[in-house]
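Enquirer: I'd like to ask some things about the structure below.
The values are calculated or read from the model by the stated rules, or taken from the named source; none is laboratory data. Please read these numbers as outputs of a predicted model, since none were measured by experiment. In this analysis, Cβ positions are derived from the backbone assuming ideal geometry, glycine residues included, and neighbour counts consider all displayed protein chains.
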């Protein structure tokens with residue numbers, strides 16, 4: 001595994017102060033200089049593995065305490081939270097956030113947890129406290145861990161790319177190559193079963209029969225993905241184990257969800273190997289239809305893959321992805337490297353994301369502008385799996401992609417549009433967090449703003465409220 005740099009200044013300083021030590025005294029106990037310890041405390045030097053072990057030995061602590069995640073998911077995650085309109089008048093910049101994280105990490109983490117508990121409830125239900133307590137929702141720590149990695153797992157990508165290249169040497173058909181790999185190396189055969197035999201399953205591994213059983217209802221892209229997923233569980237076990245252990249989840253359910261995400265990531269990286277996929281994106285203007293055909297993937301698989309292109313020295317465009325249902329509930333949210341506030345915000349009815357439900361299978365685009373003036377170019381399309389439940393119910397979602405408008409000029413869907421000066425849809429982060437005063441679509445008043453009443457007048461908007 002590639003080691004990540006650990007900046008533990010605040011945790012070192014807190015340890016030193018709780019032990020009542022000066023920098024000189026702590027440095028002496030570690031066999032280091034006081035000036036070097038000072039640089040560590042100011043996050044001007046990363047903490048090395050050797051020094052971490054010295055801390056553990058000298059002060060009898062678990063070294064993992066010094067390698068804990070950045071409070072609140074780090075600077076970018078805190079910036080997304082503080083981009084909420086309720087903080088707009090404070091003018092908080094990146095430097096101030098970094099200083100806060102370094103000086104008071106505990107307070108920053110407490111703020112992040114409280115904001116997430118309230119904000120997620122507001123995002124998906126229009127306001128109020130989240131219905132599910134933070135401690136009872138295993139998806140929260142998983143999303144946070146994915147966000148910490150910016151949904152780019154370099155070791156998985158490298159391993160999957162190498163395996164994909166190896167399989168291509170044996171067969172041009174990736175599905176056939178994976179099936180042969182499973183049969184020869186792992187003694188597992190793939191068997192396609194009728195829907196009446198597997199009415200409620202897409203994939204099942206029967207170890208007694210040494211079979212990977214797949215439903216006949218799976219589309220070719222999904223059949224390929226499920227075979228690649230099984231191969232990921234077998235051949236990327238070491239990488240997945242290391243990432244899951246590094247996450248340090250206290251909840252077993254969260255760890256299993258994270259492992260499932262990592263196996264899915266590896267499977268998609270096999271189908272769409274990083275280098276070839278990025279070159280195809282750039283050559284086609286990120287034409288998702290072409291990418292689907294070229295890599296044998298579904299629309300949703302390609303959309304998700306676009307959020308993972310964070311390789312150092314070979315980054316793709318910073319897409320975010322949302323998957324929502326007709327009620328506006330988000331079942332997938334990936335910010336990738338975009339730091340997009342739209343991922344965490346509530347759904348604004350003016351954002352034409354949900355309107356894609358009225359145009360099944362057709363991509364719809366929108367140019368939106370947030371209250372702070374930032375513009376985003378978004379693409380939305382419905383997705384429906386071929387499978388259905390025993391009761392005949394088929395899922396239906398809209399997958400939304402977006403990136404900063406300033407970076408969208410090269411997209412095939414954006415050609416010919418004036419992204420920076422042309423008309424844009426003014427949207428907000430959900431009514432309870434939106435401060436736009438003249439929105440006739442407003443369903444609720446903004447939180448924390450007194451309502452204004454005038455019995456002699458009736459405005460065009462449902463609620464009048466006090467401004468700054």
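Enquirer: Looking at 310, 328 in this structure, which one is modelled with pLDDT under 95, over 25 Å from residue 409 (Cα atoms) and buried (at least 18 other Cβ atoms within 10 Å of the Cβ)?
Expert: Just one listed residue meets the conditions, 328.
Enquirer: Among (1) surrounded by fewer than 18 Cβ atoms within 10 Å (Cβ to Cβ); (2) modelled with pLDDT of 95 or more, there is one condition residue 426 misses while meeting the rest; what is its number?
Expert: That leaves (2) as the condition not met.
Enquirer: Of 450, 445, 404, which residue is more than 19 Å from residue 302 (Cβ to Cβ), touching a strand residue (DSSP E or B) at 6+ places or on another chain (Cβ under 9 Å), surrounded by 16 or more Cβ atoms within 10 Å (Cβ to Cβ) and modelled with pLDDT under 90?
Expert: Just a single option satisfies the conditions, and that option is 445.
Enquirer: For the structure I just gave you, tell me whether residue 286 is farther than 18 Å from residue 165 by Cβ and touching a strand residue (DSSP E or B) at 6+ places or on another chain (Cβ under 6 Å).
Expert: no
Enquirer: Suppose we filter 360, 341, 349 for residues that are farther than 18 Å from residue 299 by Cα and either surrounded by fewer than 21 Cβ atoms within 10 Å (Cβ to Cβ) or not assigned by TED's automatic domain parsing to the domain that holds residue 382 (or both); which single one remains?
Expert: The match here is 349.
Enquirer: Among the residues of the stretch 177-192, count how many are surrounded by 15 or more Cβ atoms within 10 Å (Cβ to Cβ) and free of Cβ contacts under 8 Å to residues at least 24 places away in the same chain.
Expert: Number satisfying all stated conditions: 2.
Enquirer: Considering 268, 263, which residue is surrounded by 18 or more Cβ atoms within 10 Å (Cβ to Cβ), touching a residue at least 40 places away in the same chain (Cβ under 8 Å) and not assigned by TED's automatic domain parsing to the domain that holds residue 400?
Expert: Being surrounded by 18 or more Cβ atoms within 10 Å (Cβ to Cβ), touching a residue at least 40 places away in the same chain (Cβ under 8 Å) and not assigned by TED's automatic domain parsing to the domain that holds residue 400 holds for just one of 268, 263, which is 268.
Enquirer: Still on this model: Tell me, please, whether a residue that is within 29 Å of residue 79 (Cα to Cα) and either at pLDDT 95 or above or assigned to a strand (DSSP E or B) (or both) can be found in the stretch 284-297.
Expert: Yes: the stretch 284-297 contains one or more residues that are within 29 Å of residue 79 (Cα to Cα) and either at pLDDT 95 or above or assigned to a strand (DSSP E or B) (or both).
Enquirer: Under the condition of being on the phi < 0 side of the Ramachandran plot and not in a helix (DSSP H, G or I), which residue from the stretch 231-260 is surrounded by the fewest Cβ atoms within 10 Å (Cβ to Cβ)?
Expert: Once the filter is applied, the top-ranked residue is 250.
Enquirer: Check whether at least one residue in the stretch 388-401 is exposed (fewer than 11 other Cβ atoms within 10 Å of the Cβ), modelled with pLDDT of 80 or more and over 30 Å from the mean Cα position of the chain (by Cα), and report yes or no.
Expert: Scanning the stretch 388-401, I find no residue that is exposed (fewer than 11 other Cβ atoms within 10 Å of the Cβ), modelled with pLDDT of 80 or more and over 30 Å from the mean Cα position of the chain (by Cα), so the answer is no.
Enquirer: Residue check: is residue 220 closer than 20 Å to residue 298 by Cα and either surrounded by fewer than 20 Cβ atoms within 10 Å (Cβ to Cβ) or in contact with a helix residue (DSSP H, G or I) (Cβ under 9 Å, 6 or more places away or on another chain) (or both)?
Expert: In short, yes.
Enquirer: Is it the case, given these coordinates, that residue 199 is in contact (Cβ under 8 Å) with a residue 60 or more places away in the chain and more than 22 Å from residue 304 (Cβ to Cβ)?
Expert: Considered against the rule, which asks whether it is in contact (Cβ under 8 Å) with a residue 60 or more places away in the chain and more than 22 Å from residue 304 (Cβ to Cβ), residue 199 comes out as yes.
Enquirer: Which helices (runs of 4 or more DSSP H) sit wholly inside the stretch 89-149 and have at least 2 residues that are modelled with pLDDT of 70 or more and on the phi > 0 side of the Ramachandran plot?
Expert: none
Enquirer: Quick one: residue 357 ticks every box in (1) closer than 27 Å to residue 284 by Cα; (2) out of contact with any helix residue (DSSP H, G or I) (no Cβ under 8 Å at 6 or more places or on another chain); (3) assigned to a loop (DSSP other than H, G, I, E, B); (4) without any contact (Cβ under 8 Å) to a residue 60 or more places away in the chain bar one, so which box is it?
Expert: (3)
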